[in-house]
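> If you scroll down you'll find the structure; I have some questions about it.
Laboratory data are not the source of any read-out in this text; all were calculated from the coordinates shown. Just so you know, these numbers come straight off a predicted model, no measurement behind them. Quick reminder, even Gly has a Cβ in these numbers, built from the backbone with ideal geometry, and neighbours come from all protein chains shown.
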Ligand code: GLN
């Protein structure tokens, strides 16, 4: 049976993507997944060969990505977040590195306040990355963790990820905080990476994002602020005193989201934090009294 070296396969896939004006790096990510290799083992296997059959299957996926823009994470079914692998599909937002910074900010705040017995809720949990990562990173503080999502299909993915990572999360289906309001639950830390892009911006976005991430995860009316407005309005009914709010935001929404919080909670200490690129990316608020 004819074979091709792994090196040659990688070269061909990368140039195919480059010629199609796609990110050549996708060739490596997909090859690692197809061959079940780590980056280190790939480098030491470059002279090994793969069968023509395996190469064609690999190139079919490369071509599919090149022609449709399907994200590599939908082809592999996984994305890494905060050092862990999460299952993803078309029903959930693919985890973004910016959201890892939200985890850092929350962990710092909880450590600083040294708060045990916290009840946390991840609103719009999607694949469950925030809730599950916090369950592990804050394990010492023994939080109780709730997570909500409007989409039943997203919750299937989130629950699967919860099981894979042995995180004990209470999942609820419903609009933002409404399931908690219905049950009379109270929380100490509200975290959310809600949809924050105005729908009019859709036309400017790359096909990989706008045609594959769910609209529900991306878009919110009123300059992308509608979800913050709804969540913060509902928060009035579920937050304990001295609660913490942690939001990921669009880089131009720092002032607007801070104002929404300050309007609803007069005694709030609100901070806008920047991401690694120096852009406003998070709003953290601590309620006082
Ligand atoms: N909480 C999930 C994440 O941060 C989903 C967010 C969303 O769908 N907007 O990836």
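> If N is the number of residues in the stretch 76-164, what value comes out of its Cα radius of gyration divided by 2.2 N^0.38 Å? Working shown, then result.
Working: Rg = 12.8 Å, N = 89, 2.2 N^0.38 = 12.1 Å.
Here the Cα radius of gyration is 1.05 times the empirical estimate.
> Restricting attention to the alpha-carbon atoms of the chain, what are Rg (one decimal) and Dmax (integer), both in Å?
Taking only Cα atoms of the chain, I get Rg and Dmax of 21.0, 73 Å.
> At 7 Å along the Cα-to-beta-carbon direction for both residue 68 and residue 237, put a label point, then send me their distance in nm to one decimal.
4.1
> Please state the equivalent ellipsoid semi-axes for the stretch 3-68: what are the square roots of 5 times the Cα gyration tensor eigenvalues, largest first, in whole Å?
Numbers: eigenvalues 69, 31, 21 Å².
So the equivalent ellipsoid measures 19, 12, 10 Å along its semi-axes.
> Would you kindly give the portion of the calculated P(r) for the stretch 1-160 that falls above 23 Å, as a percent of all Cα pairs? Kindly include the intermediate steps, with their values, before the conclusion.
Details: 6454 of 12720 pairs.
Roughly 51 percent, once rounded to a whole number.
> 222 nm [θ] for the chain, helices only, -39500 (n - 2.57) per DSSP H run of 4+, per residue, to 500?
Dividing the helical sum by the residues of the chain leaves -13500 deg cm²/dmol.
> To the nearest 0.05, what FRET efficiency results for residue 173 and residue 272 with a Förster distance of 35 Å applied to their C-beta separation?
0.65
> Expressed as a whole percent, how much of the Cα-Cα distance distribution for the stretch 221-274 exceeds 17 Å?
Values: 443 of 1431 pairs.
Value for the stretch 221-274: 31 percent of Cα pairs lie more than 17 Å apart.
> Quick one: what does P(r) look like for the stretch 103-225 with 5 Å bins over all Cα pairs, in whole %?
The percentages, shortest bin first, are 2, 11, 20, 20, 18, 15, 8, 4, 1, 0.
> Assuming R0 = 25 Å, can you tell me the calculated FRET efficiency for the pair residue 15 and residue 52, based on Cβ-Cβ distance, to the nearest 0.05? Kindly include the intermediate steps, with their values, before the conclusion.
Values: r = 18 Å, r/R0 = 0.74.
Between residue 15 and residue 52 the formula returns 0.85.
> What are the semi-axes of the equivalent ellipsoid of the stretch 64-126, taken as the square roots of 5 times the eigenvalues of the Cα gyration tensor, listed largest first and rounded to whole Å?
Working: eigenvalues 198, 27, 16 Å².
Listed largest to smallest, the semi-axes of the stretch 64-126 are 31, 12, 9 Å.
> Okay, next question. Hey, how many Å between the Cα centroid of the stretch 124-183 and the Cα centroid of the stretch 196-263?
18
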